[in-house]
Every structure is written in C-alpha cells, then in structure tokens.
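Here is the structure we will look at, set down as structure tokens.
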Amino acid sequence: MLSGVTTPQDVDERFRSAVAGLVGPAQRRAPEEPVRDGAPLTGDQARMLFDAQVTSRHLDLAARWLRSFGEGYYTISSSGHEGNAAVAAALRPTDPALLHYRSGGFYCTRVAQSLPAEPTADGAVGPTADAVPVHVGSPVDDAGADDGVAAAADDGGTDGPAAGAGELPRWIEESARDVLRGVVASAAEPIAGGRHKVFGNAAYAVVPTTSTIASHLPRAVGVGLAIERQRRLGGSPWPSDAIVVCSFGDASVNHASATAAFNTAGWCDHTGLRVPVLFVCEDNGLGISVRSPDGWVAATLRSRPGLRYFTADGTDLVATHQVATEAAAWVRRHRRPAVLHLTTVRLMGHAGADAEVAYRPADAIDRDVARDPLLASARLLVTAGLVEPAELLARYDEIGWRVRALAEEVLAEEKLAGAAAVVAPLAPRRPARVSLLVTARAAEAADALAAGREAAFGGRLPEQAGPLTLAQTINAALADGLSGNPAMAVFGADVAVKGGVYGVTKGLRERFGPARVFDTLLDETSVLGFALGAGLTGLLPVPEIQYLAYLHNAEDQVRGEAATMRFFSRGAYRNPMVLRLPGLGYQEGFGGHFHNDNSIAVLRDVPGLVLAAPARPDDAAPMLRTCLASAEVDGSVCVFLEPIALYHTRDLYTDGDEEWLAPYLEPAAWADAHVPIGRARVYPVGSGEDMTIITFGNGVRMSLRVAARLAVDGVGTRVVDLRWLAPLPVADLVREATATGRVLVVDETRRSGGVAEGVIAALVDAGYVGSVRRVASVDSFIPLGPAARQVLVTEDAITEGAQTLLAG
C-alpha cells in the first residue's frame, strides 16, 4: 500500500491498482435500474456522473502537467471533491450557481446537462456514449516525472489512444476545454478570457466568483431575494422557480462574509422573506494546512437559525445525489434557505506548490486517498454489475488522453496582448448612450409617466417647491428614479420607515411601497450582498451605507465582488449599482471619526469604479441621474458620495442669502442639464485670471467664500469643482490650470492618499508647468467637537495657501 500519497502519479497509480482489484457480482443490474437498492440514481446516470468525475480528475492532472513546464498558472484542484458532480445532477441547469474553486465535477456535469442530448449506440438519446475499447497506458504514466514532462511537450505531445476509439460525449470536450483554457490563461477562455481561472459560463448559468474567501456568499443571498422579487416584476435572467446554489469550503464557515450571509439568510427567513438559496459546504477538514476541529463545521452549520441542515458523505455518489436532491427540492418548494454539508477529502494538497507532507502525517494523507470519490464511484459501478474494471480503466484512459490532447491544443491559443485588451471589459463607458437614456427618461417623465409622477409626489412636484437643499434634491431625484424605472430599489439601514438618519429618503417608502424601498438588517456586508445579487438578477439597486466609515466593514464587496464582475466575465455578467454613501467631515454638533470620515482612498483606486461627489443641489440631481443611467446602460458600479455637512446648508456667503439652495429642474430641462461622468464645473470669481482652485465637496463652499474675499482685493479666481473623483475630469483640470498658471488644490481628505495626490499627478502627467500647491487635512482621524477644526481644512488655511501661491 502506498503512503504519503501527494503526487499526481501516485494518485493515478493508487486508483488504477484499486480498480483493477475490484470484483463484480454474478448478476448485472440493468442500466435503467437504481444503481443501489432504494436509490433514485440509475445506472446510466451514475455512469454519466462517473465520466464527469473522471474528466474533472484528469483536468487536475493536466493542470499539474502544464504547470511543470511553466504553461499552467492555476493548480488548485478538485481532486477529492468530485462528488459535487452529484450536486449538479440534483439541480436544474438553469439554477444559477456560484461555485468555489474545487467544483470541477459540478462544472462538467452542468455542461452535460446544458448541451443537447446525444444518441447512444442503440439509437436512444442519452447523456453517455458507447463504452470504449481498452487502451494500454495512461496520459499520467506517459508524462513521467516532472523533469520529463517538458521534453514530452517539446516533442509535440504524447502518443494518444489507438485509432478507432469510441466517440466521447461532446460535453466532456466542451467542459474540459473551458477549464483548460482557464489554466493556461487563454484569451479564448469562455468567461474571464484569460484574466483569471474561474468556473463560470453564462450559457450554463454558472456565475464566476473570485478567490476571496466566502465573498460570494452574500451575493448568493442577494440573488435569492432578487429572484423572488422578479417573480412579481419579471426581467430575471433565470426562471421564476429557480434556486441559487453556492458552494464553499469548510474553513470558509469561519469567515465574516460567510457569517454575514448565513445570518442574513436566517434573518430574512425569520421575517418572512423568501430566500431560495442552497449553500453547499464541501468539508475536507482543511483550510490549506489548518485543520477544522472535529465536529466544528457540523455544529456551526446546524446551529444557524433559519437554515435547514442536510448532510451526506460527499465521496459517496449515491448518498450525495439523494440528499442533494432532497435539499434542492425542499428549497425549491418552500423558497427557503438550506445548507448541504458534504464531507469530502482533499487529494494532492491545496495546490501544485503545496507540500502537504510537511504538515500532515502520512497516515492521514493515506486515509484520504482511501476515500477517493473516484474510486468509490468505480466501486459502485462494478459492484452493481454495470461495468467491468477493465472497462472503467479504459474509460478513464480514453478521457485522460482526450484531456491531454486538449491541453496541448489550448497551449497554442493566444494570450491577452496589451493593457487595452486586459482592461477592455472592466468598465465600458458609453456616454452618448447614457445621455440618450437620461433624455428618454426625461421625455417619459414629461409625457407618458407625467400623471404617475405627479401622483408619486402627492400632487406637489419638486420643481414647484422652490429652491431646495442638497438633501431635498437627492430625495426628489431618487423619487424620480423610482417613478421612471420599476426595476430600481432603494434600501439600507433606516432608509425606509425612518427615511434615513438625515431625512434624505423620507417619504419614499410611503410613495413606492416596501417592496421597492425597504430597511435592511444592520450589516453592511449584507446590504451590499443584496445589491450584488439584485444587479445580477436584472434590478437596479440603490443601496445606502449609512456612513462612509461603515463601508470599511464591507469594502471587499465593492472592491473584490462588484468591481470585478465585468472584468472576470467579459461583460457576460454585470452588477450595476449606485451606492449612496453619506460622508466627509464638518458636521456641527455630531462628530467623531465614525460620523466624520474623510478618507476615500479605498474607493479611488478600485479599477472602473465611478465616484461621484456632488456639492451643490443643482449638481446632485443631474449627477444622480447620470449614475443611474450609467448603471443601467453600462452596468457601472457607482458610488454617490454625499457630503453630510452640506445636506441642509442653505447659505453661501452670508447668513440668510440662501445661495446654496437651487431649484429642482422640470423634466423638460433634464437633458440640457445633463452632467457626463468625468466633467468638472467651473466658477469664475472676479476676473478668473490669477489663480485656479481645484476642490470638491465641502471644499467648494469654502473655496467660493475665500475667492469672494480675494476678489475684493482684485484677485481673480477660477474655482473648479471636480464633481467626479473617479475618473477625474483630467481634461477640464488641465484646461483650467493652464488658464492661470497657478493652482491651489483644496483637499478635505487626508494629506496621505488624498484626492490632491491624484489631481497633481494628473497635471504633471499632462505636462502642466505652472505653480501648484495643496491644502489638505492632517493625517488623522477626526476628533469630536471643536478639535476637528485642528485637523480639517479651514477657510483660513485656504486663504493662506492662496496668498503663498500668489506671492510666489
């Protein structure tokens, strides 16, 4: 008996030796009969699943082979987890699947379910092909030791099976080619196009997920909620009775993202909300090298309120299929969440470079290999009398040779070439289409939807209400968005019944109903998970994170999930959203760093993210309409950063002047007032010839006040409101900076990692050669009370910076 089994060759040899020693019964079962007494799985189905398991195993072996000579870039394998093929078989091919990285068996089975059935030898239609003749040797044997693999590749590959072999089902080739393209980072890979190795394909309802631990679980809950919402509204890419399947490893149950997802699913169930999600925990007992304590995973999953618990031996094809079928049927019938806990094993270590013999006893490794699910399935088929051991080994080799041949084929495919090709799907910008949608929605609001709009505003339209504050304007623009787009939903902690901490969403729930404006539980990860799932399912989510500082609890849901979806799916999937984010400093009488957070560096470096920062009411509504349209047209992930201190500000220069207020425009004027992404606003003060102040948010009001005082002394200033912090309005910046040759950047964020760094870098990159200074807040958290003025930008600091710049 082998011990310390870790290499692909060892696993292959162990499998061959064990299968060769199997002995079948005297009487064979018919293929259409249950493969085991009382089981719903038939012999034909079991053979097809065995093919999927074998394909997955050979994909792992091929990945190690490719890696051995530097052409494979991903070796986390599914070996030991091939039982998830039975989970796929228990589901419908139209059920959206969010899979973790050991899902080879599931993916192969899903492809088999999705492709048209093929004729069998007797003319019937079925998923399996004829048994193939025996061929001596295996692709794993032929590869030899690692140091000989490269030579084999250089010789043009290895000898394949003998001519005249039986045809393999098309799904084996299709699924294997998909996965191998990911391994070699081929630009032809069907979902990520060489950007990442993921299990995903829009044609098979497999949604790509990142490698961030458990980060896809909150999205899965959101998809489940959105499917139920779309049952009434329509527009979902999936059937109305679909359920969501979401798989993960046992170590992930300890992660905050998983805890949030389980808790939220249970919370929703407790409150009567339907969430048809089947969580699948594939428990191999290891998180890389750290063992899960005995019984911990089961105890953790069993104790989750609102989650129905199912469990099975994930190495037993029949048991896994039977329990998965029960679990899926329960979730589909009741539209409630459940968790399927499968005990599995991990073969060949965590990944190709993982020498598990350094941290695992040899007998523990050997025990796992003895539970190899591929061997268990082979034993099942032989003891049922469905095949002879020689037939199974022949099938194993036949699939292995085809996978090896495909591996050699994909090596020749093109890789991504050039930065433009890499970033192409990241965040497409179609400003003309965005503008057209804004114009179209304006026309609808003025004509076809005019009566409904008037009713939504209770007969008192915002354009008739006189000048509005920033908060009132955002409220009206949200109402117009809800009125014009039935797929839009506004949600977050305290946004519905209370109307928001600052009253920005006041009255929206009453006007548009609790299905479209609703309160969530107090968990930022789950709020964003709702949004991720809703956007993926055809809705236009407008979530609110109550304060900028609270985003840091869940920022990976924006960075790692929302912003990457188009990138890792080449636009096949997208999760449009407009995240409302009240923040920045200068609140009077209500402070502390949790409510006055001025750091947005974590957002500005997220590739493709749109970061809007309206300062004035007359910009807020057009910018919000632009974000909503961009999300709808381009699938953009937009963050709408709202300066809390300006929400209710009325005056600009003197008390009572009300010059910070602005009228709300009627729909007929929306098109002319459209604010494209990446365009700044310029305020000439005096002659506007002496200095350019570049700023945003609270800095706009302070800079305008300083500029007015400087104008009394004959200094002409151009105050540039960035409006968009990502992408920056570079063309406008360069033009306005060049016009005066003196630039003062007023940045209320921190000196390190602040917006000013990006502005000055953009000017330098563009060849600006004039003078430039910056005034920024101190690298500090914002303290409570008057002490905040010691670390934030003040009008005095702006004045001093301007005078120094002019003196130079």
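A few notes on this one:
- Of the residues Asp618, Asp779, Asp60, the one with the largest accessible area comes first in the ranking Asp779, Asp618, Asp60, computed with a 1.4 Å probe on protein heavy atoms.
- Relative packing of peptides 359-371, 329-341 - highest average C-beta neighbours within 10 Å first: 329-341, 359-371
- Gap separating the Cα centres of the stretch 641-656 and the stretch 565-586, nearest whole Å: 27
- As a rough guide to protection, the peptides 346-353, 48-55, 218-225 ranked by mean Cβ packing within 10 Å, highest first, stand as 218-225, 48-55, 346-353.
- ³J(HN,Hα) computed for each position of the stretch 395-404 - Karplus, 6.51 cos²θ - 1.76 cosθ + 1.60, integer Hz, glycine/proline x: 5, 4, 5, 4, 5, x, 4, 5, 5, 4
- Average projected area [Cα convex hull, the stretch 295-342], square nanometres: 3.2
- Averaging over all projection directions, the Cα-based convex hull of the stretch 703-752 occupies 4.2 nm² in the image plane.
- Diffusion constant of the stretch 666-742 at 20 °C, which comes from Stokes-Einstein with the Kirkwood Cα-pair radius and 1.002 mPa s, µm²/s: 164
- The stretch 81-102-the stretch 1-68 distance, computed between alpha-carbon centres (Å): 18
- Cα-based shape type of the stretch 659-808, given that a ≥ b ≥ c are square roots of the gyration tensor eigenvalues and the cut on a/c is 1.5: rounded
- The stretch 497-547: equivalent-ellipsoid semi-axes (sqrt of 5 x gyration tensor eigenvalues, Cα, Å): 19, 14, 8
- By average C-beta atoms within 10 angstrom, highest first, the peptides 97-106, 579-588: 97-106, 579-588
- Cα-projected label distance for Glu33 with Gln790, points at 7 Å along beta-carbon direction, nm: 8.6
- Placed amide H near Thr311: partners under 5 Å, 5+ positions off or other chain: His341
- Solitary cysteines of the chain, where the nearest other Cys Cβ is not under 4.7 Å: Cys108, Cys246, Cys268, Cys281
- Ellipsoid semi-axes in whole angstrom, largest first, where each is sqrt(5λ) of the Cα gyration tensor of the chain: 57, 28, 23
- Cα gyration tensor category, rounded, prolate or oblate, for the stretch 352-478 with a/c compared to 1.5: prolate
- Mean separation of Cα contacts under 8 Å (6+ apart) over length of the chain, as relative contact order %: 13
- Orientation-averaged projected area, Cα convex hull of the stretch 409-451 (nm²): 5.4
- The His648 and Lys498 beta-carbon pair, evaluated with R₀ = 25 Å, returns a calculated FRET efficiency of approximately 0.95.
- Inter-part distance where the stretch 315-336 and the stretch 441-511 are each reduced to a Cα centre, Å: 44
- For the stretch 261-386, the normalised intensity computed at q = 0.11, 0.13, 0.16, 0.22 Å⁻¹ comes to -0.49, -0.65, -0.88, -1.20 (log10 of I(q)/I(0), Debye sum over alpha carbons, equal scatterers, no solvent).
- Between Asp363 and Val764, the modelled labels are 6.3 nm apart [label points 7 Å from Cα along Cα→Cβ].
- Placing dummy labels 7 Å off each Cα toward the beta-carbon, the span from Ala465 to Ala203 is 5.1 nm.
- Along the axis of the charge dipole computed for the stretch 225-378 (Cβ charges of +1 for Lys and Arg, -1 for Asp and Glu, origin at the Cα centre), the listed residues Asn263, Ile365, Val280 are led at the positive end by Asn263.
- In plain terms, if you count all Cα to Cα distances in the stretch 725-808 and split them into 10 Å steps from zero, the share in each step is 18, 44, 30, 8, 0 percent.
- Debye log10 I(q)/I(0) for the stretch 332-420, one point scatterer per Cα, at q = 0.11, 0.18 Å⁻¹: -0.66, -1.03
- Projecting the Cα atoms of Val438, Ala448, Gly466 onto the charge dipole of the stretch 416-468 (Cβ charges, centred on the Cα centre) puts Val438 farthest toward the positive pole.
- According to the Cα-based calculation, Rg over Rh for the stretch 413-536 is 1.09, with Rh computed by the Kirkwood formula.
- For the stretch 587-684, taking Cα atoms only, Rg and Dmax work out to 15.4, 43 Å respectively.
- Farthest toward positive dipole pole in the chain [+1 Lys/Arg, -1 Asp/Glu at C-beta], among Val720, Asn84, Ala390: Val720
- Net charge dipole, the chain: roughly 1820 debye, given to the nearest 20, about the Cα centre with Cβ charges of +1 for Lys and Arg and -1 for Asp and Glu.
- Within the stretch 56-118: Cβ-based charge dipole about Cα centre, in debye rounded to nearest 20 (Lys, Arg +1; Asp, Glu -1): 120
- Degrees, to the nearest 10: 755-765 long Cα axis against longest axis of the chain: 90
- Within the accessible area of the chain, the carbon and sulfur atoms contribute 53%, probe 1.4 Å, all protein chains present.
- The shape of the stretch 1-106 comes out oblate: with a ≥ b ≥ c from the C-alpha gyration tensor, a/c is at least 1.5 while a/b does not beat b/c.
- Stokes-Einstein translational diffusion, the stretch 201-311 - Kirkwood Rh over all Cα pairs, 1.306 mPa s, 10 °C, in µm²/s: 107
- In the context of the full set of protein chains, the chain has a per residue accessible area of 36 Å² (1.4 Å probe).
- Here's the list of aspartates and glutamates a cross-link from Lys498 could span, going by alpha-carbon distance under 19 Å and ignoring same-chain residues fewer than 8 apart: Glu510, Asp519, Asp523, Glu524, Glu544, Glu642.
- Remark: the stretch 684-805 carries a charge dipole of roughly 140 debye about the Cα centre, counting +1 on each Lys and Arg Cβ and -1 on each Asp and Glu Cβ.
- Full-stretch length increase - Asp294, Ala455 - with 0.36 nm per residue and alpha-carbon distance subtracted: 51.9 nm
The values are calculated or read from the model by the stated rules, or taken from the named source; none is laboratory data. Since the structure is predicted, the reported quantities are computational estimates derived from the model, not experimental observations. Quick reminder, even Gly has a Cβ in these numbers, built from the backbone with ideal geometry, and neighbours come from all protein chains shown. For the accessible areas, the whole protein counts, side chains as well, though only heavy atoms, and no ligand, DNA or RNA atoms are used. Shrake-Rupley method; radii C 1.70, N 1.55, O 1.52, S 1.80 Å.
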